[in-house]
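Reading through the structure tokens given below for one structure.
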Amino acid sequence: MLEIYLFETVQMVEQLEELLIEIENEMTLSGTAINEIFRIMHTIKGSSAMMMYDGIAHLAHSVEDLFALLRSDSSKEVDCHQLTEIVLQTVDFIKGELVKIEQKEEPDGNNEEIVHLITAFEKQLNDPKINIRTYKALIYFDPNCEMENMRAYTVIHQLTPVATVVAYTPADILENEDTTEQIRAEGFTVEFTSELTYDELLLHFDHTLFLERIDLHEIEEKKKAVSAAPVSVKKAKEETNNESCKKTAERESTAGDPVLPAMEKTAVEPVQQETAAQPVSRSISLDSPASKPEQSSSAISVGVEQQDAKHANARPNLISVNVKKMDSLMDIVGELVISEAMVTKNPDLEGLELENFTKATRQLSKLTDELQDIVMSLRLIPISNTFQKMQRLVRDMKIKLDKEVELQLIGEETEIDKNIADNISDPLMHIVRNSLDHGIEDKATRLANGKSEVGKISIEAKNAGGDVWITVKDDGYGLDKSKLYKKAKEKGLVTKSEAEYTEKEVFNFIMLPGFSTKEKVSEFSGRGVGMDVVRENISKLGGSVILDSKTGMGTSIRIRIPMTLAIIDGILVAVGDAKYIIPTTAIRESFRPVEKQIIKDMEGNEMIMIRGECYRIFRVHEQLKVDTKVKSLTEGIIVVIEDEEKFLCIFADELIGKQQVVVKPIPAYFRKSQAIAGCTILGDGSISLILDAKGLMNT
Amino acid sequence: MKTVLVVDDAAFMRVTIKNMLERNGFSVVGEAENGKVAIHKFHELKPDIVTMDITMPEMDGLCALKTIMQLDASANVVMMTAMGQQGMVKEAVVSGAKGFIVKPFKEETVLSALSKF
């Protein structure tokens, strides 16, 4: 029950987030979007109330109310920026609570602040400018009162129930205690909108402790942008954004005024029904009816239907299935593959000529192959959900860090295993955070370095062979070899002089535990976890991280992950009576060595020379203690494997052939060997161990 | 006459505040030496104003403030704080304190603050 609740709510919240970012980018709020958000909030409210998560239910209810209001009267002017900000805060709150629930904690977050914002926003909507007035107050406190910055904060806090604070100077009263002096000398200016009258406001301020003098002015709406301009550059910019958004809304609402109410109704209603019937349909940006006033209302709604139908095609019907069921299906198919091999390669059949049997088994093989493919594809989900999270991250960081960044997503439709998708998003977020925080320079530096003011980050996903590659690239400052070397030296990580290290080796330092070059820990990146954790997480998935950087030009981080972990292609080799599987992805070549290729170093370690390079030899029979008659290298076979640009030669008796195997973990009660990744059951029922390329490198 | 509840763990401080107030037409109806006692007394006496020290044993002033605001959202609580306790002050304001007075204070400061209620 709880599981379904969590699953559904998380999905809806993600959908909502996607929708909001779309709205913010386009700065228009379509009727469909309103309906969609309304529906999502309504559902979340209902199910949260059922589960007795009152905090979430209450908040969802407030947002639902807000959108009900927007829906009922589309002529209202909406400040898109403010609206998305509020709903995004709601999204964050709900997400936080869901995490708590998942970890079996009490979802006890305080939603008051957001609810407050919502009511304020509603008020603002409800009362067009006639009632809401903008005021500017200049406040002086009693000279002996001390801590003027906190007095100012008190003023702001106590204003919030009756007014919406637009801006105040000095702006950094909480962070900067020096503002005390400034307020003492120049007073504290606050600009706000309120429905209260001038006299009511004076009465309100009268209750403020230590307030010595207040100059309260009413500002006319039109002058607002002008008067706000000197406050601070950032504020002024926001203001103009809001203003332009308002203006578009205004234009739309006035242009279509006479026809609008009726048309809007007819156009909106069918959409609403459709969204109810088709829960996965996404928002379509419904052109404001005002923009095509010559069309009849029925034509518009038909248009919407068509668009909607098109959308429904793009997003097929989905059913959600418990992952555990998927896993057991996968297991059973795995067993089936094994049983099939047991039947078709049964030792009893040896030497018999069975024409019909062979035909039948061929058919069986074909079907099991197909079944296996489908089961594998069931677990695959597009990576776009993971990418979506990056978009939100970049949006938030852009605002906080005041950097201009363009995020490019390539290959969103690439499909990856659900398990990998769940585990890739944290490392990916960390990399993107790093890029934005440490990689991309601030605007001034970028311009000074002859780059465009807008930084670029691209995230690309693609399939290649049995692997998924995810590349995060930025055009920021890149890594600095000498800086990194210095840092590594301080941390005692270096063993050679700087000149002896290649650039790549030095760059790879950042993936060592406890390494962080940024002196100051910032809010987003550098919270004690670094690239080492990223690397560790990726290698848990069986993947690897490759780092490239050019100082001044940018950094690219490539992640390679095997597409699926459960069934792999392998080469079967024999050592004595035992059979081992070597994953095909790790194998570079195999050959039977000749005497002159084999060399021994001073300590008697055997090496093999291939095309002028020396490689270490791993004798399976020695290392894994198996009896075999083949002890001379020239009688057996050498298989060269590679992992992260390191090579190793595995020595076995002979190659048996290619085989697809189902990886089973080795039960915990066996002592784990680094060289073994897991085991599998072969066609004849015997157990074969799977060699671990990564682990072997460390033996 | 406005009634006041004085909360402070130092008896000296309580007496000082009490004398200041009673000289100027307030009626100090109760005193409390920690947050717990303060909540009890508030419930019992329903004073017009509470002066609340922040750092106290047993239960601190912030905790007491929050409980009192739950009991009566319109309660007038003024915090008494030492210089530099910015974080605490912020929390108090967010929790509903009507304002704060910085220690050490002069008589006229206290009066100017409390006369607003």
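Couple of notes before you dig in:
- Relative to the Cα centre, the charge distribution of region A:390-448, modelled as +1 at Lys and Arg Cβ and -1 at Asp and Glu Cβ, gives a dipole magnitude of about 320 debye.
- Applying 0.36 nm per residue to the separation of A:N322 and A:E603 and subtracting their alpha-carbon distance, the gain on full extension is 95.6 nm.
- Amide H contacts of A:I650: A:F618, A:V639, A:V640, A:I641, each under 5 Å away and 5 or more positions distant or on a separate chain (H built 1.01 Å from N in the peptide plane; Pro and chain starts excluded).
- Cα-based radius of gyration of region A:570-699 once divided by 2.2 N^0.38 Å, which approximates compact folds: 1.03
- Unsatisfied cross-links (Cα-Cα over 22 Å) in the set B:K46/B:K103; A:K596/A:K658; A:K579/A:K694; A:K104/A:K389: B:K46/B:K103; A:K596/A:K658; A:K104/A:K389
- Positive-end extreme of charge dipole, chain B - chosen from B:A10, B:P57, B:T109 (charges on Cβ): B:T109
- Beta bridges by DSSP in region A:378-459, antiparallel share as percent, to the nearest 5: 40
- For A:T134, A:T169, the ranking by accessible surface with the largest value first comes to A:T169, A:T134, using a 1.4 Å probe.
- Between A:E335 and A:K366, the contour length at 0.36 nm per residue exceeds the alpha carbon distance by 9.6 nm.
- The C-alpha atoms of region B:1-51 occupy a region whose extents along the principal axes are 28, 23, 11 Å, arranged from largest to smallest.
- Inter-probe distance in nm under a simple model that places probes 7 Å from Cα toward Cβ, at A:S673 and A:M1: 5.0
- Gain in span if fully extended, A:I656 to A:T358, counting 0.36 nm per residue against the direct Cα distance: 105.1 nm
- Eigenvalues of the alpha-carbon gyration tensor of region A:95-218, scaled by 5 and square-rooted, set the equivalent ellipsoid semi-axes at 30, 22, 11 angstrom, largest first.
- Pairs of Cα atoms nearer than 8 Å and 6+ residues apart set the relative contact order; for region A:550-699 it is 27 percent.
- The overall shape of region A:35-181 is oblate: from the C-alpha gyration tensor, with semi-axes ordered a ≥ b ≥ c, the ratio a/c is 1.5 or greater and a/b is no larger than b/c.
- Between B:K90 and A:D684, the modelled label-to-label distance comes to 7.3 nm, taking each label 7 Å out from Cα in the direction of the beta carbon.
- Chain A contacts chain B over a buried accessible area of about 1800 Å², both sides summed; the probe is 1.4 Å and only protein chains count.
- Overall form of region A:398-467 per C-alpha gyration tensor (a/c, 1.5; a/b vs b/c): prolate
- Mean-position separation - Cα centroids, region A:173-219 and region A:1-58, in angstrom: 38
- Considering all different alpha carbon pairs of region B:4-117, the Kirkwood hydrodynamic radius works out to 13.6 Å.
- The figure for A:L447 is an accessible area of roughly 100 square angstrom, using a 1.4 Å probe on the protein chains alone.
The values are calculated or read from the model by the stated rules, or taken from the named source; none is laboratory data. Everything numeric here is computed off the predicted structure, so don't read it as measured data. Note: ideal-geometry Cβ built from the backbone for every residue, glycine included; neighbour counts use all protein chains shown. With ligands, DNA and RNA removed, areas are computed over all heavy atoms of the protein, side chains included. Shrake-Rupley method; radii C 1.70, N 1.55, O 1.52, S 1.80 Å.
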